[in-house]
1. Between residue 74 and residue 2, with labels modelled 7 Å along Cα→Cβ, what's the label distance in nm to one decimal, could you check?
2. Modelled label-to-label distance, residue 38 and residue 56, 7 Å Cα→beta-carbon offset: nm?
3. Grab every C-alpha pair in the chain, bin the distances at 5 angstrom width from 0 up to the longest one, and report whole percents.
4. Nearest 10 degrees is fine. How inclined is helix 62-71 to the longest principal axis of the chain, computing both from alpha carbons?
5. I'd like to compare 31-42, 85-96: which one has the highest average count of other Cβ atoms within 10 Å, and what's the full order after that?
6. When a footprinting reagent is the concern and you count Cβ atoms within 10 Å, what order do 77, 28, 52 take, fewest first?
7. Quote the relative contact order of the chain in percent (integer), defining contacts as alpha-carbon pairs under 8 Å separated by 6+ residues.
8. To make sure I understand, if each residue's beta carbon is the centre and we count other beta carbons within 10 Å, what order do 19, 75 fall in, fewest to most?
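Derivation of every value follows stated rules applied to the coordinates shown; laboratory data play no part. Everything quoted here is computed from the prediction, not taken from an experiment. A quick note on method: Cβ atoms are made from the backbone with ideal geometry, for glycine too, and the neighbour counts reach across all protein chains shown.
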């Protein structure tokens with residue numbers, strides 16, 4: 001929640017997407033990864049998956065990983081903040097990284 005606090009102090013009104021309820025589609029995850037300048041495999045919370053699953057994911061292409069993430073959204077790295085005007089995104093770990101997209 002620290003990321004939200006930073007945004008609100010900067011007078012920003014973010015649209016919060018509850019990814020477990022409003023799961024991003026595969027093509028949206030690819031777009032988000034592109035905005036982050038990352039491969040889709042780099043937005044997987046690898047610390048929450050088994051080593052075997054991680055190896056399998058690393059052998060898959062971006063589209064296949066994005067489909068898997070769309071079906072398993074709890075493994076999407078978070079929080080991700082997107083600035084659509086700048087076509088840029090950042091994974092806010094630590095929360096202060098949000099300043100990079102403002």
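1. According to this spin-label approximation, the distance is 2.5 nm.
2. In this crude spin-label approximation the distance works out to 2.1 nm.
3. Once binned at 5 Å, the Cα pair distances of the chain give 2, 13, 23, 24, 19, 11, 5, 2, 0.
4. Approximately 80 degrees, to the nearest ten.
5. The most tightly packed comes first, giving 31-42, 85-96.
6. 52, 28, 77
7. 31
8. Numbers: 19 15, 75 18.
Ranking 19, 75 by Cβ neighbours within 10 Å, fewest first, gives 19, 75.
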